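Q: Pasting a structure here, questions to come.
The values are calculated or read from the model by the stated rules, or taken from the named source; none is laboratory data. Values in this document were obtained by computation on a predicted structure and should not be read as measured data. Cβ atoms come from the backbone with ideal geometry, glycine included; neighbour counts cover every protein chain shown.
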Amino acid sequence: MALLTWAVLLLAGLTYTHAIGAPTLQEQSRSIAQIQFKLVSAWRQQCVGSIINNYYVVTTANCLQAPSNNRRLAVGNAITGTIHEVAIIYIHDRFSPSSRTANIGLVRAGTSWSINTPDIGTIPLVPQNYYVPLYHDLSVSGWGVTAQGGIIANQYLYTVVLQKKPITSCLDHHQGLVNAENICLGLVGRNGRDFDPSDTGAPVAYVLDGRSYLYGVLSFGSSARNNEIPIVAESIGAYSNWIRDTAV
């Protein structure tokens with residue numbers, strides 16, 4: 001495993017958002033991982049994943065459609081973290097790129113990482129079919145402007161509080177792309193949240209008794225819409241059993 005020395009270049013689309021997320025230390029989001037892709041000779045962060053054990057990261061299926069040799073994982077912080085080649089990609093067999101149904105996947109690294117270190121840890125999954133009430137606060141972390149809330153993303157990790165919205169709100173704005181296995185998200189007091197594609201796969205965390213659980217992963221949304229269009233996330237509770245059965 002090579003010492004992590006990457007420089008994150010997030011040239012995401014502009015967004016006109018005014019709700020700023022909070023800068024987050026890697027030690028506070030130890031289960032988050034970068035999914036990087038190779039563009040010519042440079043590696044860049046493209047999606048986000050969540051560490052669930054010492055080999056596996058869960059993310060969205062649409063992040064994993066390119067050949068595995070054009071993907072790698074970066075875990076830990078930019079000083080002591082490590083880079084891992086992708087060994088196997090698992091995409092749910094019901095995944096449809098056109099309808100975005102079952103947009104869930106797993107990445108198995110070729111080498112393991114140490115967990116329960118100061119900057120690398122795991123996040124537990126919510127149980128199968130787990131339900132969180134409407135308008136409950138949820139946290140989303142990532143390197144893009146979805147969490148940051150600025151004009152252009154920088155290299156820092158951010159966390160923002162989003163609220164679970166009625167699924168009908170996402171159905172209205174994303175017709176034909178929303179189903180019962182989705183979660184609808186927006187800022188507290190707003191209809192939605194501007195979405196940065198580089199935050200695809202970012203964890204949607206639910207906190208219970210002081211512990212964070214992986215409740216969803218960001219799937220898609222709209223950028224530069226003044227936080228009026230909600231984000232669609234894939235529900236982990238719809239796939240918890242599949243994830244556990246696969247990530248062994």
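Q: All but one of (1) aromatic (F, W, Y); (2) outside any strand (DSSP E or B); (3) touching a helix residue (DSSP H, G or I) at 6+ places or on another chain (Cβ under 9 Å) hold for W242; which doesn't?
A: W242 satisfies all of (1) aromatic (F, W, Y); (2) outside any strand (DSSP E or B); (3) touching a helix residue (DSSP H, G or I) at 6+ places or on another chain (Cβ under 9 Å) except (3).
Q: Can you tell me how many residues within the stretch 41-99 are charged (D, E, K, R) and either within 23 Å of T146 (Cα to Cα) or under 18 Å from the mean Cα position of the chain (by Cα) (or both)?
A: Here the count works out to 3.
Q: Would you point out the residue of the stretch 83-130, among those that are touching a helix residue (DSSP H, G or I) at 6+ places or on another chain (Cβ under 7 Å), under 16 Å from I51 (Cα atoms) and in contact (Cβ under 8 Å) with a residue 60 or more places away in the chain, that is surrounded by the fewest Cβ atoms within 10 Å (Cβ to Cβ)?
A: The residue in question is P118.
Q: Name, by its number, the condition in (1) over 15 Å from L125 (Cα atoms); (2) modelled with pLDDT of 95 or more; (3) surrounded by fewer than 20 Cβ atoms within 10 Å (Cβ to Cβ) that does not hold for T246.
A: Exception for T246: condition (1).
Q: So which of L162, L171, L185, L157 ends up being farther than 16 Å from D137 by Cβ and at pLDDT 95 or above?
A: L171
Q: With respect to A147, determine if the residue is among the hydrophobic types (A, V, I, L, M, F, W, C), in contact with a Phe, Trp or Tyr (Cβ under 6 Å, 6 or more places away or on another chain) and surrounded by 17 or more Cβ atoms within 10 Å (Cβ to Cβ).
A: yes
Q: Checking the condition surrounded by fewer than 22 Cβ atoms within 10 Å (Cβ to Cβ), touching a Leu at 6+ places or on another chain (Cβ under 8 Å) and either within 15 Å of I32 (Cα to Cα) or without any contact (Cβ under 8 Å) to a residue 24 or more places away in the chain (or both), which residue from Q155, Q175 passes?
A: Q155
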